[in-house]
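A short reminder: the numbers here are calculations on the coordinates, not readings from a lab. No experiment lies behind these values; they were computed from the predicted model shown. Neighbour counts are summed over all protein chains in view; Cβ atoms, including those assigned to glycine, are modelled from backbone coordinates with ideal geometry.
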Amino acid sequence: MSTSISKSEPATLSEQDRALILATQNGLPLVPDPWGELGEQLNMSADQVLERFQAMQESGVIRRVAAVPNHYRLGYQFNGMTVWDVADDAIAELGERVGELPFVSHCYRRPRHLPYWSYNLFAMVHGTSRDEVENKAGKIADVLGEACSGHTILYSSAILKKTGLRLRKQTDKN
Amino acid sequence: MSVTAERRKKPEPGATVPAFSDTEKAIINRLQHGLPLTATPYRDVASELGIGEQELLDHLKAMLADGTLTRFGPMFHAGEMGGGLTLAAMRIPPEHFDTVTEQVNSFEEVAHNYRREHELNMWFVLATETPEGISETIERIEQLTGYPVYNMPKEQEFHVHLHFEV
């Protein structure tokens, strides 16, 4: 996957796209013709709906239309947020290499908050045991080498909330 | 940032792992990569997997109902939608943790919130409709809870692809 800087110009959503997002943020209809069903709700043709989904995926508003598993149910009980203190002049190149490791699901550069937080590279690693997560973290350490002056792994001990990102209806906005 | 909506109680760490049939495994693995955006997407995936379209739909409904899947649908990219998105952390003394959890979770801008084993022990994702909404929300959380919020917006994205092979 390519590296992207997060400061891309945000797209402005059309009314139609906004309506499609609102209609599907709980999920895509599980019927043979999901586009037609959405079109009926929104007074669009099935072709128009499909065309808007293709356009939104093309522009990146939608990453993909996909299944989101509960990783605990799949046996990936250990979700380790590995965090690394990487030299500022090396992080762009090394971050990309860490992101390419097949077991790293998310990899971001984020700001430090000294003195509480000295880590500027975040790589999420999931495993079926702590050993597996630690083993994978060891491989990240190998990639970072001497540019890294410290790291730790934060395990989640409870999901406190998981509702996902949601658009509010226009009328709810104040 | 991928987007999930969870509607019912889900197993927490330590839950037992159910046995999946080969068909269920194939569906889970295939559909994490994304539904093809074709006129008959479910039929196309079903035929790829060598099962019937209705069988695929029935499995998807069942896996959503039993919590194997938290969601099936478009995964939105908040930044591309013109909104604000960030990861934030707090340091909460254990005796106040439950109270602050309730306070933080009461904000609809808080999409995910995890307890993590660290001095910074509460980590949440904030999603707002406008980029400016992030700092406003952080101020409101700080006022309500009385604790500082450490904002850690992504400065660069190296990779996002969450895939769990079963």
Query raised in the report: What is the diffusion coefficient of the protein assembly as shown in µm²/s, taking the Kirkwood radius over Cα pairs and the Stokes-Einstein relation at 20 °C with a viscosity of 1.002 mPa s?
Result: 102 µm²/s
Report summary line: FRET efficiency (A:Arg97, B:Glu165; Cβ distance; R0 22 Å; to 0.05) is 0.50
Query raised in the report: So, how do all the Cα-to-Cα distances of segment B:72-131 break down into 10 Å bins, in percent, from 0 on up?
Result: 21, 46, 25, 8
Requested in this report: Jot down the per residue volume, in cubic angstrom and as a whole number, of the convex hull over the alpha-carbon atoms of chain A.
Outcome: 171 Å³
Report summary line: Per DSSP, the loop-located GluC sites (Glu not before Pro) within segment B:16-122 having at most 15 other beta carbons within 10 Å are B:Glu108, B:Glu117, B:Glu119
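Which entries of B:Lys25/B:Lys154; B:Lys25/B:Lys61; A:Lys136/A:Lys162; A:Lys161/B:Lys154 show an alpha-carbon separation above 24 angstrom in the structure shown?
Beyond 24 Å: B:Lys25/B:Lys154; A:Lys136/A:Lys162.
List the trypsin sites (Lys or Arg not before Pro) within segment B:80-166 that DSSP assigns to loop and that have no more than 16 neighbouring Cβ atoms inside 10 Å.
Numbers: sites: B:Arg91, B:Arg115, B:Arg116, B:Arg140, B:Lys154; in loops: B:Arg91, B:Lys154.
In loop regions of segment B:80-166 (DSSP not H, G, I, E or B), the sparsely surrounded trypsin sites (Lys or Arg not before Pro) are B:Arg91.
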Report summary line: Whole-Hz Karplus couplings 3J(HN,Hα) for segment B:135-144, θ = phi - 60° and coefficients 6.51, -1.76, 1.60, Gly and Pro as x, run 5, 4, 5, 4, 4, 5, 5, 5, 5, 5
Requested in this report: Take peptide B:22-29, look around each residue's Cβ out to 10 angstrom, count Cβ atoms belonging to other protein chains, and average those counts.
Outcome: 1
Requested in this report: Could you grab the relative contact order for segment A:15-59? Cα pairs under 8 Å, six or more apart, rounded to a whole percent.
Outcome: 30 percent
Query raised in the report: Which chymotrypsin sites (Phe, Trp or Tyr not before Pro) does segment A:33-131 hold that lie in a coil by DSSP with at most 13 other beta carbons within 10 Å?
Result: A:Tyr116
Query raised in the report: Classify segment B:22-65: rounded, prolate or oblate, from the alpha-carbon gyration tensor (a ≥ b ≥ c, eigenvalue square roots; a/c under 1.5 rounded; otherwise prolate if a/b is larger than b/c)?
Result: rounded
**Report entry** 222 nm mean residue ellipticity, helices alone, for the protein assembly as shown (DSSP H n ≥ 4; -39,500 (n - 2.57); rounded to 500)
**Finding:** -10000 deg cm²/dmol
Query raised in the report: At A:Arg130 and B:Thr38, where each label point lies 7 Å from the Cα along Cα→Cβ, what is the point-to-point distance in nanometres?
Result: 4.7 nm
